[in-house]
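*Asks:* First, the structure itself, so that you have it in front of you.
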Amino acid sequence: MPKQEKRRMNRMAMTILSGLLLAFCGLAYGPSGEALPPASVKSVAGSAKPIPVPPPPMGWSSWNSFSNTIDSNVAMQQAKALVASGMQKAGYQYVNLDEGWWLGKRDQNGNIVVDPKQWPALRPGERAGDMANIVKYIHSLGLKAGIYTDAGEAGCGYYGPDLGPPEPHTGSEGHYEQDFFQFAKWGFDYVKVDWCGGDHENLDPAVQYREIAWAIQKAEAETGHHLFFSICNWGRQSPWTWAPGIGGVSGDIWRVSGDIVAPIVANTRSGSRRASFPHVLSNFDHGIHPEAQHTGFYNDPDMMVIGMPSLSDAQNRVHMSLWAISGAPLIVGADLTKLSKATLETLTNREVLAVDQDPLGLQCVKVAEPSAGLQAWAKRLAGSGRWAVLLLNRTTTSASISVYWSELGLPPSSSATVRDLWAHKDLGPYTSSYAANVPAGDAVMVLIKGAEGKTTRFAVSSPANEMTGGAALASCEACSDGKSVTLGGNKTFTFRDITSAGSHADIQIAYINTGQTPRCAELRVNGQTATRIAFPPTGGRNSVGEITIEADLKPSGAKNSLTFSSPCNPGPTLDSISILAGSL
Ligand code: GLA
């Protein structure tokens, strides 16, 4: 059968299969007609409790340093180094195998055939060619294991002439359920799904990744094993608008841009790819979509290149500061057996890691750029009046860069404390602003704690609000004013007359999700393009949870409308929204 035709048939088979599955499960449809996953799918078999929503994942990946030469020895050495270096203690836990772990062979039942030499038995009683062997090894060190596939029929190796003889069938298209079940059964904890084949075949990423998310949820239900979902379609078709919450029980990440490593130079499968500082800066810039990021759901500017040849210690520190202030996944791509003391200190600075792992999960926003390349970035942290601030000098001469309290929404002439996070040093109280001299191409990262003003709460029961599509207020014992509204189907709920001092608002949403998977909603501010928000499980009917999101509002007391609808059915139950005082 010609290749194109085979792909068409595969896709058709998948569509029919998913149709059957959906019909069987009694699927709901969203307002825009998209099919929705059955509410009855439990994400983890037998688990009554919702799984906590994770901070951005931290770990290591094979791709940047080992390209397609990954095997059992490499994985074991890197896992050992992750522990011995102290990185595990600092919070790094994933050992992720990227492309090259599989050469594309399937048996007559479509099961992945693993090369027994590449993945031998590691202990007595094990069978060579069983990926569970390496997973068990990684788990035995108290770490977690990650695996990789492509959403299309072929993986990236097939399309890269620089990678040597092609591996035509290393993608999962036509085998989604089979492959994700297999990954979960082998014991993997994390799966990265690339987009080379999908891109080549002109597939729709929002559709493919949703199908994959269902396959993952099904695999979780069948095996009781959770797979963290990493979407890798390089920002194609703006994943920040459809990815949050797509991955089921406890969060997911989506790539926002191309690879951070420079393209491979020689015609070889081995060796380290080149790190480049300009790529670090541009991936950071492309990764800023604060409206899409909040606890459990993160923009991914790519694996880090810290510790790879060609970055200086200062550049490594800037790189770490950028990923931490944007709350990005911290997946190290360097060879962990070769890290210098300085690199290790950069990777394990606990105060900087705490900025990345902050429970609000928000991203930074640029609060000032008084002259080109002199920038102040700020990220709200959990707790009142706490901000991480990065003063970044992208120019070629050293310069003084300031951050003003008014830019953080703190009272302009108030006093706030400043702590240097790289030097681990309290710098003392400052009034109105803080300025640092920042060397060329470098950055200063500080924690600022000030007195935050009052939060303004808007309850669902305000008579100004509007409901359509059958949305109705219901009584809610646990809610702030005794009322709630549940979204889903065609229901919409609009908060009217919402005011904010600043144009960039941090909005806390109080809600209930009694399910075990995130529910989702779309938010339109003043009738503009919708953003997707994921609402993790909160537990029982009476436990109200909170997420904090970022959105642009009309400032200075002007009236805004915030319209929520839900492509999930049921959607979340809303209690109230609050505009935090520190809105910029
Ligand atoms: C793509 C991804 C990379 C890596 C390679 C493997 O380029 O973006 O992160 O997984 O494929 O070929």
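*Asks:* Any chance region 475-490 includes a residue that's surrounded by 15 or more Cβ atoms within 10 Å (Cβ to Cβ) and β-branched (Val, Ile, Thr)?
*Replies:* yes
*Asks:* Regarding region 511-518, can at least one residue be identified that is out of contact with any strand residue (DSSP E or B) (no Cβ under 9 Å at 6 or more places or on another chain) and surrounded by 24 or more Cβ atoms within 10 Å (Cβ to Cβ)?
*Replies:* Yes: one or more hits.
*Asks:* Return the total of residues in region 532-546 being open to solvent by 40 Å² or more (accessible area, probe 1.4 Å) and within 19 Å of the chain's Cα centre (by Cα).
*Replies:* So the answer is 1.
*Asks:* In this structure, does Ser61 turn out to be open to solvent by less than 10 Å² (accessible area, probe 1.4 Å), within 16 Å of the ligand (Cβ to nearest atom), in contact (Cβ under 8 Å) with a residue 40 or more places away in the chain and on the phi > 0 side of the Ramachandran plot?
*Replies:* Criteria not met by Ser61.
*Asks:* Which of the numbered conditions does Pro124 fail, given that it passes all the others? Conditions: (1) in contact with a Lys or Arg (Cβ under 8 Å, 6 or more places away or on another chain); (2) open to solvent by 60 Å² or more (accessible area, probe 1.4 Å).
*Replies:* (1)
*Asks:* Here's something else I'd like to know. Could you tell me which of the residues Leu523, Leu473 is touching a strand residue (DSSP E or B) at 6+ places or on another chain (Cβ under 7 Å) and farther than 27 Å from Ser384 by Cα?
*Replies:* On inspection, the qualifying residue turns out to be Leu473.
*Asks:* So, Val114, is that one modelled with pLDDT of 95 or more and within 14 Å of Val74 (Cα to Cα) or not?
*Replies:* When the stated conditions are applied, Val114 does not pass them.
*Asks:* Now for a different question. Looking only at region 316-369, count every residue that is in contact with a helix residue (DSSP H, G or I) (Cβ under 8 Å, 6 or more places away or on another chain) and among the acidic types (Asp, Glu) and tell me the total.
*Replies:* Residues in region 316-369 being in contact with a helix residue (DSSP H, G or I) (Cβ under 8 Å, 6 or more places away or on another chain) and among the acidic types (Asp, Glu): 2 in total.
*Asks:* Looking at region 292-410, what helices (runs of 4 or more DSSP H) fall wholly within it and have at least 2 residues that are in contact with a strand residue (DSSP E or B) (Cβ under 8 Å, 6 or more places away or on another chain) and either open to solvent by less than 10 Å² (accessible area, probe 1.4 Å) or within 16 Å of the ligand (Cβ to nearest atom) (or both)?
*Replies:* Fully inside region 292-410 and qualifying: 313-325, 350-356.
*Asks:* Next question. If Tyr137 meets every condition in (1) at pLDDT 95 or above; (2) within 16 Å of the ligand (Cβ to nearest atom) apart from one, which number is that one?
*Replies:* Among (1) at pLDDT 95 or above; (2) within 16 Å of the ligand (Cβ to nearest atom), Tyr137 violates only (2).
*Asks:* Cβ contacts < 6 Å: first residue open to solvent by 50 Å² or more (accessible area, probe 1.4 Å) and within 16 Å of the ligand (Cβ to nearest atom), restricted to region 67-79; second residue of a type in the set (Lys, Arg) and assigned to a helix (DSSP H, G or I), any location; separation 6+ or different chain. Result?
*Replies:* none
*Asks:* Right, here's the next one. Given the options Leu103, Leu82, Leu97, Leu122, name the one that is within 25 Å of Asp199 (Cα to Cα) and modelled with pLDDT of 95 or more. Walk me through how you get there before you give the answer.
*Replies:* Details: Leu103 fails: modelled with pLDDT of 95 or more; Leu82 fails: within 25 Å of Asp199 (Cα to Cα); Leu122 fails: within 25 Å of Asp199 (Cα to Cα).
Within the list Leu103, Leu82, Leu97, Leu122, the selection yields Leu97.
*Asks:* Next up: Identify, from the list Ser326, Ser321, Ser340, Ser312, the residue that is in contact with a Phe, Trp or Tyr (Cβ under 7 Å, 6 or more places away or on another chain) and of a type in the set (Ser, Thr, Tyr).
*Replies:* One residue alone meets the criteria, Ser326.
*Asks:* While we're here: If you go through region 98-120, how many residues are within 16 Å of the ligand (Cβ to nearest atom) and of a type in the set (Asp, Glu)?
*Replies:* Result for region 98-120: 2.
*Asks:* Give the number of residues within region 183-224 that are in a helix (DSSP H, G or I), more than 20 Å from Ser61 (Cβ to Cβ), more than 14 Å from the ligand (Cβ to nearest atom) and out of contact with any Pro (no Cβ under 7 Å at 6 or more places or on another chain).
*Replies:* 14
*Asks:* Sticking with this structure for a sec: Failed condition for Thr563, given (1) in a loop (DSSP other than H, G, I, E, B); (2) at pLDDT 90 or above, with all others met?
*Replies:* In the conditions (1) in a loop (DSSP other than H, G, I, E, B); (2) at pLDDT 90 or above, Thr563 misses (1) alone.
*Asks:* Okay, next question. With respect to Gly157, is the statement that it is within 14 Å of the ligand (Cβ to nearest atom) and over 30 Å from Gly91 (Cβ atoms) true?
*Replies:* yes
Condition check ((1) under 23 Å from Gly515 (Cβ atoms); (2) modelled with pLDDT of 95 or more) across all residues:
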| site | (1), (2) |
| --- | --- |
| Lys185 | no, yes |
| Phe188 | no, yes |
| Lys192 | no, yes |
| His200 | no, no |
| Ala206 | yes, no |
| Ile216 | yes, no |
| Leu227 | yes, no |
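The values are calculated or read from the model by the stated rules, or taken from the named source; none is laboratory data. This is a predicted model, so every value here is computed, not measured. Cβ atoms come from the backbone with ideal geometry, glycine included; neighbour counts cover every protein chain shown. The protein model used for the area step is the full one, side chains on, heavy atoms only, and it has no ligands, DNA or RNA in it. Shrake-Rupley method; radii C 1.70, N 1.55, O 1.52, S 1.80 Å.
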